[in-house]
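This report refers to the structure that appears directly beneath it.
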Amino acid sequence: MAGYKPAAIQTYPVLGEKITQDTLYWNNYKTPVQIKEFGAVSKVDFSPQPPYNYAVTASSRIHIYGRYSQEPIKTFSRFKDTAYCATFRQDGRLLVAGSEDGGVQLFDISGRAPLRQFEGHTKAVHTVDFTADKYHVVSGADDYTVKLWDIPNSKEILTFKEHSDYVRCGCASKLNPDLFVTGSYDHTVKMFDTRTNKSVISVEHGQPVESVLLFPSGGLLASAGGRYVKIWDMLKGGQLLVSLKNHHKTVTCLYLSSSGQRLLSGSLDRKVKVYSTTSYKVVHSFDYAASILSLALAHEDETIVVGMTNGILSVKHRKSEAKKDSLPRRRRPAYRTFIKGKNYMKQRDDILINRPSKKHLELYDRDLKNFRISKALDRVLEPSCTVKTPEITVSIIKELNRRGVLANALAGRDEKEISRVLNFLIRNLSQPRFAPVLINAAEIIIDIYLPVIGQSPVVDKKFLLLQGLVEKEIDYQRELLETLGMMDMLFATMTRKESTSVLQHTSDGFLENKKVES
Amino acid sequence: MVEEESVRVVRCGGSELNFRRAVFSADSKYIFCVSGDFVKVHSTATEECVHILQGHRNLVTGIQLNPNNHLQLYSCSFDGTIKLWDYIDGILIKTFIVGHKLHAIFTLACAEDSVFVIINKEKPDVFQLVSVKLPKSSSQEIEAKELSFVLDYINQSPKCIAFGNEGEYVAAVRDFYLSVYFFKKKTTSRFTLSSSKNKKHAKNNFTCVACHPKEDCIATGHKDGKIRLWRNFDDDKKYTYTCLHWHHDMVMDLAFSVTGTSLLSGGRESVLVEWRDATEKNKEFLPRLGATIEHISVSPAGDLFCTSHSDNKIIIIHRNLEASAVIQGLVKDSSISTGLMIDPRTKALVLNGKPGHLQFYSLQHDKQLYNLDIIQQEYINDYGLIQIELTKAAFGCYGNWLATVEKRQEKETELDLQMKLWMYNKKTQGFVLNTKINMPHEDHITAVCFCNAEKFENPTLVTASKDGHFKVWILTDDSDIYKKAVGWTCDFVGSYHKYQATNCCFSEDGSLLAVSFEEIVTIWDSETWELKCTFCQRAGNIRHLCFGRLTCSKYLLGATENGILCCWNLLSCALEWSAKLNIRVMEPDPHSENIAAISQSSVGSDLFVFKPSEPRPLYIQKNISREEVQWGVFVLRDVPESFTSEAYQWLNRSQFYFLTKSQSLLTFSTKSPEEKLTPTSKQLLAEESLPTTPFYFILGKHREQQDEKINEALESERVQLPLTENIPAISELLHTPAHVLPSASFLCSKFVNSLLLSKETKRNS
């Protein structure tokens, strides 16, 4: 007939943060490495090519770090004033950076002196980027202009003067060499097409725009400014898709995870939030020590680098997963073993006999099924079970009680075994969710072992410990009841309507507990 | 309009199937079981009830196959008759009138013209086994008064009598004796267990007996769980017995297999044990059969066993100890604490079933539809063990939600409560556990009710408890980006001066909630959960509470423990009327204004049907049952009746079922409901040769309908479509193996041509 029904394991709601796939993924990083820079870290950029070095722009220097190095492997320091926005080209061989004096400099990764210098901006250049065809550089400056430069002959090709305030962020399309986007303090984000000499789409963000990001497909645009992150559908001509307000302070940087499924935003409120790009809900968030100015993820999210206003660069590496399957896996049966006979068509005279699928049972369930009650209890009193999953131990004790065999299972134990039970009781008796079951078990133990008390100093000590615990718990309960009484009085003075809806919890179950006499 | 018959109380199905051993037909195709005043014939393959043999006027107490004609069946009853049936067609062949109350019947192949029955002659507890000569006569009713005495002072249960070795002897057990009567020698030997005299508390009373079909061997079961095998019992001195011990509780029944190689035993452990070669080592088990095994029987062909269980169930078991079919009646094992409910989807009656389950029982077919496992824990059947009880259940939102409450109380202070909310899953057509709430209240839950009003999109549930609170639970969205989910959370907790909450109910439109706190009824607004007003009559605690329906929705009814029925007007907030009536059951009809109330007096239970708007009852029926009525429920009729008399009009659309303390399900009707109970059996009869599966039913019906349609089409259009089976081209195409068929292009034109109507047929028509 019906098969064996496994013992019901009580589940308790997990307090605090919910464990989801995302929290597991984003928590799977090592403790951060802190690197002190000379000033606020305004930009971090990963080279798109192996070995995935990253350029850090801070003060008047650009440091190139290797993946696991704590010291810069290269430094570009020939800036008269603050450098901005050091960005790698797609092939990882060239680096472009703007500076406070209005110059744009192009470096070879292997060299030290600038290859090219683009002069033309009159004020600080805060954003530079390579276009998709690799031969042009886009720059935006505080003189409200956006310029397009040609790399081979270091000439200015185009100038756009459509913004009416500082241009502080920009991003070139990865697919189309003619398209790029800039965001400005005039609250707009504009998309420019180099073939038309003017902006093709302009969207109103509502706050000074601090960061823009084009999605890999080019169809979606994310802009950050003020406390808002907004997502725009560019294919619909710049329609607002969603507006996110999850930070307390200005959002300064945006980054997309390597899979494109998660969007990260860093803010002056010292938090990095991770959004799902399908539902635009926050799925995770990180805390940092200072306000965040820049943020970057390495290839395959292997590393998270965050630059902060206090000049600290925080580098987090993903924990390696190789360790887990270090044991050689046992060879499993081949695929054909499983499909053997599965595609056999039933003939007319054949009788189909279904073998019932075997249900997996936990070891304690197997013992319970065969009425080996003491053994089942021993199994759940193993340290590995009591520490990690005390709810299983408690559930089995409850199940044994339901079957009316708890006393039998607890009886006939030697000093070592009974002290194991007592240890578990001492550790968990005061937990309200386990208390009703464990108090009952404690009473049974006392009843069983009362005649032999005084024979083993180890067990006696444990009993005394338990007694102290129970007394302490009773004191707590009394205090709690006093507090509750006081609160009741306070509530009574409040309006009638609210007093009817007060939920009261008086768990005075402990008061009825037997005293442990030893 | 036919003349009105008087409405009377009738039993409606749900009789015990496990009263006596079931009997297999010779070919193992059918199984017979007693069921109240009837004998039911079930198919062993499909579990379907094929026939109901009706004719006895009292409880049927025994059935046996006619050993001379295996297509006939003997049955005996308390009404003093033995009837012979043709079970294939369900026809009564003959009735033998014996005159005594018959407790069991036995047949023997060697005694052709007589059967053995158990009767009690003088004292109420002295039973005799007598042989009855059945006279040969062509008439339908024959008097059979020729009794010859066989054994005296026996147990009334047929389990304690067994005929052995092709009728050479009969063994009977009672208390501590085993008596064997040898037919040839005409002597009786009596064996006493020695220990029974010495030890005071030895529980080795005999409980059942079985005889080996081939050898001289008797197996007896005992109260202490032992089975004894007796041999050489033809000698009073040299007899021996061996002991088999596995059961830890009473052996309920024993049976030898047809060849005698194995012995089957069962008891409270609900494990069927097969002892091979009568040795202790060689045993096989079939565990977890669900309830105490009461009877075991073996088919004459030897391929099937069957066990009857205390939860009104018969399990048909294959020779290799695999359960193959379950015939389940209305479970009457446990006390009914959930009350009677109607599942809005299946229109089945829902109540406590086997331990930890809710049973869904079809009233139309007298058949259990399914069991819903609520507690979902291994059931340990042990004497004196405190089990988890299913105490409350309620359906909500047109059967989309089911709330259940279970409790286990070991000591006064240790109460373990759990509330579960089940959602109906359309895909799997069953209830799936959605939310589990541990300790929803700190004390016993006294009432659970859903708000079933249409305007509430958000399902709402209210629980009332002895801890003085009532809680409102609502369905909330629990989904995140990973999954979509809904769950129940507590929305509001209300109380009234720390009185125990005893009842709760929603008004029909869901705008008001009435909760009774001991003597006081409070009315709450369901939008804001504000206390609107209170009613108090100081006439004892409120036992039942319900709102009026439809035009009477402004009334609230309350029945108190001191025997007062009060009706309050909600508009004026005043008592409209009250009546002195000790009400046990008060049940509103969901489809009319009528309310049925059953009152209890020392003589019996009386039924009153009334409308809340007027204190004069519409209908009164005195003495509907001698016992206390515990629960009642209104069920909407499939086909409305048409009573014209005013008194019976409340039965036109609904039917009222009620359950008495001894758990017999009764209803009001003009005719016996079993007359309506045979919807499938007639169809089955027509095509006996075909395998009857549920699928066949569906298909068969479908075909019939199609045939009808085709006929209609023929008549209206006057065009005769050629029957596809008769066209040679089509049959050739369909029946020739594919590898020898010519190419499709060749066949195509021929095929299409064959489907065209030729001119000749048109002219003909």
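Some observations on this one:
- Checking each residue in the stretch B:485-520 for being closer than 30 Å to B:C552 by Cα, away from every other protein chain (no Cβ under 13 Å) and among the β-branched types (V, I, T) picks out B:T502, B:I520.
- Test: residue in the stretch A:143-150 that is within 32 Å of the chain's Cα centre (by Cα), surrounded by 15 or more Cβ atoms within 10 Å (Cβ to Cβ) and assigned by the TED database to the domain that holds A:G98: no
- Taking the stretch B:1-44 as the region of interest, the strands (runs of 3 or more DSSP E) fully inside it that hold 1 or more residues being within 23 Å of the chain's Cα centre (by Cα) and at pLDDT below 80 are B:8-11.
- Single residue of the stretch B:413-431 satisfying the filter (within 17 Å of A:V437 (Cβ to Cβ) and not polar (S, T, N, Q)) that is modelled with the highest pLDDT: B:L417
- Scope the stretch A:182-200; condition assigned to a strand (DSSP E or B) and buried (at least 18 other Cβ atoms within 10 Å of the Cβ); matching residues: A:T182, A:G183, A:S184, A:T188, A:V189, A:K190, A:M191, A:F192, A:S199
- Of the residues contained in the stretch A:23-43, none is found to be under 22 Å from A:H126 (Cα atoms), in contact with a Phe, Trp or Tyr (Cβ under 7 Å, 6 or more places away or on another chain) and acidic (D, E).
- Filter pass, A:V315 being modelled with pLDDT of 90 or more, in contact with a Gly (Cβ under 7 Å, 6 or more places away or on another chain) and farther than 30 Å from A:S199 by Cα: no
- Residue match in the stretch B:546-555 (condition: out of contact with any Phe, Trp or Tyr (no Cβ under 9 Å at 6 or more places or on another chain) and touching a residue at least 60 places away in the same chain (Cβ under 8 Å)): yes
- Taking the stretch A:276-314 as the range and being hydroxyl-bearing (S, T, Y) and away from chain B (no Cβ under 14 Å) as the test, the residues that pass are A:S285, A:Y288, A:S291, A:S294, A:T303, A:T309, A:S314.
- Matching residues, the stretch B:453-472, being part of a strand (DSSP E or B) and more than 14 Å from B:C397 (Cα to Cα): B:T463, B:A464, B:S465, B:H469, B:F470, B:K471, B:V472
- Of the strands (runs of 3 or more DSSP E) that lie entirely inside the stretch B:565-669, those containing 1 or more residues that are over 23 Å from the mean Cα position of the chain (by Cα) span B:574-580, B:583-588, B:595-600, B:605-610, B:619-625.
- When B:E561, B:E576, B:E587, B:E593 are checked against the criterion of being out of contact with any Gly (no Cβ under 9 Å at 6 or more places or on another chain), at pLDDT 85 or above, under 26 Å from B:K532 (Cα atoms) and acidic (D, E), a single residue qualifies: B:E576.
Okay, residues lined up against (1) within 14 Å of chain B (Cβ to nearest Cβ); (2) more than 30 Å from A:Y476 (Cα to Cα); (3) without any contact (Cβ under 8 Å) to a residue 40 or more places away in the chain:
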{"position": "A:M345", "(1), (2), (3)": "no, yes, yes"}
{"position": "A:D350", "(1), (2), (3)": "no, yes, yes"}
{"position": "A:E362", "(1), (2), (3)": "yes, yes, no"}
{"position": "A:R379", "(1), (2), (3)": "no, yes, yes"}
{"position": "A:S395", "(1), (2), (3)": "yes, no, no"}
{"position": "A:R403", "(1), (2), (3)": "yes, yes, yes"}
{"position": "A:N408", "(1), (2), (3)": "yes, yes, yes"}
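- Selection within the stretch B:454-484: residues that are over 20 Å from B:T404 (Cα atoms) and away from chain A (no Cβ under 12 Å). The member of this set that is modelled with the lowest pLDDT is B:F456.
- For B:Y383: the one exception among (1) surrounded by fewer than 20 Cβ atoms within 10 Å (Cβ to Cβ); (2) within 16 Å of the chain's Cα centre (by Cα): (2)
- Within the stretch B:410-426, the set of residues being in a strand (DSSP E or B) and more than 10 Å from chain A (Cβ to nearest Cβ) comprises B:L417, B:M419, B:K420, B:L421, B:W422, B:M423, B:Y424, B:N425.
- Of all residues in the stretch A:410-445 being within 13 Å of chain B (Cβ to nearest Cβ) and in contact (Cβ under 8 Å) with a residue 60 or more places away in the chain, the one that is farthest from A:F371 (Cα to Cα): A:P432
- Matching option when the condition is within 30 Å of A:K369 (Cβ to Cβ) and touching a residue at least 12 places away in the same chain (Cβ under 8 Å), among B:V170, B:V271, B:V209: B:V271
- Filtered by the rule that a residue be assigned to a loop (DSSP other than H, G, I, E, B) and under 40 Å from the mean Cα position of the chain (by Cα), the stretch B:484-501 gives B:K484, B:A485, B:Y499, B:Q500.
- The set of residues in the stretch B:316-338 being within 25 Å of B:S25 (Cα to Cα), more than 12 Å from every other protein chain (Cβ to nearest Cβ) and among the charged types (D, E, K, R) consists of B:R319 alone.
- Selection within the stretch B:528-542: residues that are more than 14 Å from chain A (Cβ to nearest Cβ) and farther than 14 Å from B:L556 by Cα. The member of this set that is modelled with the highest pLDDT is B:N541.
- Whichever residue in the stretch B:389-409 is within 14 Å of chain A (Cβ to nearest Cβ) and surrounded by fewer than 20 Cβ atoms within 10 Å (Cβ to Cβ) and, among such residues, is nearest to B:M419 (Cα to Cα): B:K407
- Among residues that are touching a residue at least 24 places away in the same chain (Cβ under 8 Å) and under 24 Å from B:T46 (Cβ atoms), B:K283 is not included.
- Condition check for A:A8: within 12 Å of chain B (Cβ to nearest Cβ) and among the small types (G, A, S): yes
- Residues of the stretch A:208-258 classified as aliphatic (A, V, I, L, M), under 23 Å from A:D165 (Cα atoms) and surrounded by fewer than 18 Cβ atoms within 10 Å (Cβ to Cβ), total: 1
- Members of the stretch A:164-181 found to be over 15 Å from A:G219 (Cα atoms) and in a strand (DSSP E or B), listed by number: A:V167, A:R168, A:C169, A:G170
- You will find that of A:A55, A:A97, the residue that is in contact with a strand residue (DSSP E or B) (Cβ under 6 Å, 6 or more places away or on another chain) and under 19 Å from A:N310 (Cα atoms) is A:A55 and no other.
- Taken residue by residue, the stretch B:177-193 has at least one member that is surrounded by 14 or more Cβ atoms within 10 Å (Cβ to Cβ) and out of contact with any strand residue (DSSP E or B) (no Cβ under 6 Å at 6 or more places or on another chain).
- Conditions (1) in contact with a strand residue (DSSP E or B) (Cβ under 7 Å, 6 or more places away or on another chain); (2) in contact (Cβ under 8 Å) with a residue 24 or more places away in the chain: number failed by B:D311: (1)
The values are calculated or read from the model by the stated rules, or taken from the named source; none is laboratory data. Model, not experiment: these values are computed from the prediction. Cβ sites come from the backbone with ideal geometry, for glycine too, and all protein chains shown count toward neighbours.
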